[in-house]
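> What follows is a structure written as structure tokens; I'll ask about it next.
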Amino acid sequence: MFGSLRDLMPIILVIAFFQMFVLQQPIEHVGTLITGFFFVLLGLTFFIYGLNMGLFPIGEAMAHAFARKGSIFWLMAFAFALGFGTTIAEPALIAVSNEAAEIASQAGHIAAGEDAMKLYATGLRFTVALSVGIAIMLGVLRILLNWPIHLMIMIGYTLVIIVTAFAPAEIIGIAYDSGGVTTSTITVPLVAALGIGLASSISGRNPMLDGFGLIAFASLLPIVFVLVYGIIV
Amino acid sequence: MELISEIQHLFMSTLFDVLPIIAIIFGFQFLVIRKPVKNLKKVLFGLFYVIFGITLFLIGLEEALFPLGKLMAQQLTDPAFIGAMTHAAGELEWSDYYWVYIFAFAIGMSTTIAEPALIAVAIKAKEVSGGAIGVWGLRIAVAVGVAVGISLGAYRIVIGAPIQYFIIVGYIVVVIQTFFAPKLIVPLAYDSGGVTTSTVTVPLVAALGIGLAQTVPGRSALIDGFGLIAFASLFPMISVMAYAQISDFRARREFKRREREFDRDEQSRNSAYDEEE
């Protein structure tokens, strides 16, 4: 609880400073504000408590179990399902894809009207979810086969740059943002635990060197996929 | 009473959001791994705490932080406010938006410190590195990266430059740093780009971007309002590698200094020994 208070202190200070010295406007509803901060505080405390109790142990236990089982097929299926399943329902992604549909419709890339926009937004959501699924799969494959991460990231960057050159200008901002919004608060700890669990149960892998990196793929590949989606549709 | 029903409502919707994840975990657990989960009760309680925690967190954010943050973003990007702060007549220049950049920096830094996903990764990084990477060191390095990224992103919206040039230059910096940074930090640094932008940061930063794009003449909220999150996920990679490079450099310098001192001591001891002889 005390630690969470320390985590939130900077936000409180920033807001107080700007309200008092820069904007110089009175804050309305001080009561709800304090209640709200109390909830944030409580929520953060519960989250971190539950993280160490449930999310981290189950992620690592499953990684160990898959490593012992030795079936690459099932591990890949799990990695893909985790990436796809956690992204398709992500509220931030739903919001972003609706906005993208609006942009595409205004720019005249798709037919005007609700149906075309809905189709575009749903297509975009599936594209991003697919890309995150493939990204986690690739990341797990990298841990198994010991591929160098920096080369893979550089190839990813090169792809982004090439595809950007061909993508319609309106989609570029949203595509670059989509990399950041895909990785949610529950996915990140789970994916981190999976990577570290795998790296520590396969001999010859270093958890520090090989365990991290899954999230990096999950935020790079959607950029490429969304740009390609923008070119095709 | 209203609050309780809201908590119920949000808890159900959070539960609905995480249902696919839970289904995948337990589906694979029971159908593929086919082994009982160790401490099943504890794990279930842990998952419940996580979902409950996120629910409370979201309610708090929506009650307190988001309305205020969005209002502040609007007020700060308001031409009337910017005009009043600069006392200048005529066209606004990019430097007249300085309060926006300062706000972008401060809000980027402070929301990143509170980001639950980053706390999770920092805990793991400390555990895996055996304490070499401190929880606070990583979090502050990432927060600085986000802060710089968002201020630069705000500057880009004001001047209206195409986003890809900034991102490509950022990529080049990341690639160059990769070759010089300590090997162990590289994967973690790459990851820190993705974890920074989630629950707390995204809504506030999006509000700032859209507010700016709406008020700066010649920008479209739909097209120019995006891209801040991309900056916020690129710059932490640079700042985390820089953090590792700086601590590495300092450790080496310290080592050299100690070595020199040791040599000096050795010499003086030797000379003392010589005198005795």
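FYI, it's all coordinate maths here, none of it is from the lab. Not measured: the values here are computed from a predicted model. Heads up, the Cβs are rebuilt from the backbone with ideal geometry, glycines too, and the neighbour counts pull from every protein chain shown.
> Which of these, B:36, B:203, B:79, has the largest mean-square fluctuation under a Gaussian network model of chain B (Cα springs below 10 Å)?
So, out of B:36, B:203, B:79, the one fluctuating most is B:36.
> Moving on. Given chain B reduced to its alpha-carbon atoms as identical point scatterers, what log10 I(q)/I(0) does the Debye formula return at q = 0.09, 0.10, 0.14 Å⁻¹?
Ignoring solvent entirely, the Cα scatterers give -0.59, -0.70, -1.10.
> Right, next: Enumerate the lysines that residue B:41 could reach by cross-link, defined here as Cα to Cα under 17 Å, with residues fewer than 8 away along the same chain left out.
Within the straight-line limit of under 17 Å, residue B:41 reaches no lysines at all.
> List the pair-distance distribution P(r) of the protein assembly as shown, using every Cα-Cα distance, as the percent of pairs falling in each 10 Å bin from 0 up to the bin containing the longest distance, rounded to whole percents.
4, 19, 29, 26, 14, 5, 2, 1, 0, 0
> Taking each residue in A:100-106, count the Cβ atoms of any other chain within 10 Å of its Cβ, then average. What number comes out?
2
> What FRET efficiency do you get for residue A:35 and residue B:19 if R0 is 30 Å and r is their Cβ-Cβ distance, rounded to the nearest 0.05?
E between residue A:35 and residue B:19, to the nearest 0.05, is 0.60.
> Using a 10 Å cut-off on Cβ atoms, rank the peptides B:15-24, B:153-162, A:132-141 from the highest mean neighbour count down.
A:132-141, B:153-162, B:15-24
> Treating only the Cβ of Lys, Arg, Asp and Glu as charged (+1, +1, -1, -1), what charge dipole size does the protein assembly as shown show about its Cα centre? Round to the nearest 20 debye.
Numbers: 28 positive and 35 negative charges, 333 e Å.
It comes to approximately 1600 debye.
> Can you sort A:102, B:254 by how many other beta carbons sit within 10 Å, fewest first?
The order, fewest Cβ neighbours first, is B:254, A:102.
> Would you kindly work out the equivalent ellipsoid of chain A from its C-alpha gyration tensor and give its semi-axes, the square roots of five times the eigenvalues, largest first in whole Å? Intermediate values should be presented prior to the final figure.
Numbers: eigenvalues 211, 178, 51 Å².
Computed over chain A, the values are 32, 30, 16 Å.
> Roughly how far apart, in whole Å, are the Cα centres of the range A:115-130 and the range B:13-66?
The range A:115-130 and the range B:13-66 have Cα centres separated by 26 Å.
> Can you pull the mean other chain C-beta count within 10 Å for peptide A:85-95?
4
> Still on this structure, please answer the following. Rounded to the nearest 0.05, what FRET efficiency is calculated for residue A:2 and residue A:68 with R0 set to 35 Å and r the Cβ-Cβ distance?
After rounding, the FRET efficiency stands at 0.30.
> Can you give me the distance in nm between label points at residue B:78 and residue B:256, each placed 7 Å from the Cα along the Cα-to-Cβ direction?
Simple spin-label model gives 5.5 nm for this pair.
> Sorted by average packing, counted as other Cβ atoms within 10 angstrom per residue and highest first, what order do A:87-93, B:53-59, A:216-222 take?
Details: A:87-93: 20.6, B:53-59: 24.3, A:216-222: 27.7.
Ranking the peptides A:87-93, B:53-59, A:216-222 by packing returns A:216-222, B:53-59, A:87-93.
> Going by average Cβ neighbours within 10 Å, how do the peptides A:223-233, A:192-202, A:65-75 rank, with the highest at the top? Each step should come with its number before you reach the end.
Numbers: A:223-233: 20.6, A:192-202: 23.5, A:65-75: 15.3.
Ranking the peptides A:223-233, A:192-202, A:65-75 by packing returns A:192-202, A:223-233, A:65-75.
> With a cut-off of 8 Å between alpha carbons and a minimum separation of six or more residues, what is the relative contact order of the range B:123-277 in percent?
It rounds to 34 percent for the range B:123-277.
> Here is a further query. Report the residue, chosen from B:111, B:14, B:201, that carries the largest GNM mean-square fluctuation when chain B is represented by alpha-carbon nodes joined by springs under 10 Å.
B:14
> Shifting gears a bit: Among A:53, A:9, B:241, which comes first, second and so on when ranked by fewest other beta-carbon atoms within 10 Å? Could you put the intermediate results ahead of the total?
Numbers: A:53 20, A:9 13, B:241 26.
So the residues, fewest neighbours to most, are A:9, A:53, B:241.
> In peptide B:22-33, how many Cβ atoms from other protein chains are near each Cβ within 10 Å, on average?
5
> Right, something else. Could you state the orientation-averaged shadow area of the convex hull built on the Cα atoms of the range B:91-186, in nm² to one decimal? Display every interim value, and only then the final one.
Working: hull surface 28.8 nm².
Mean shadow area of the hull around the Cα atoms is 7.2 nm².
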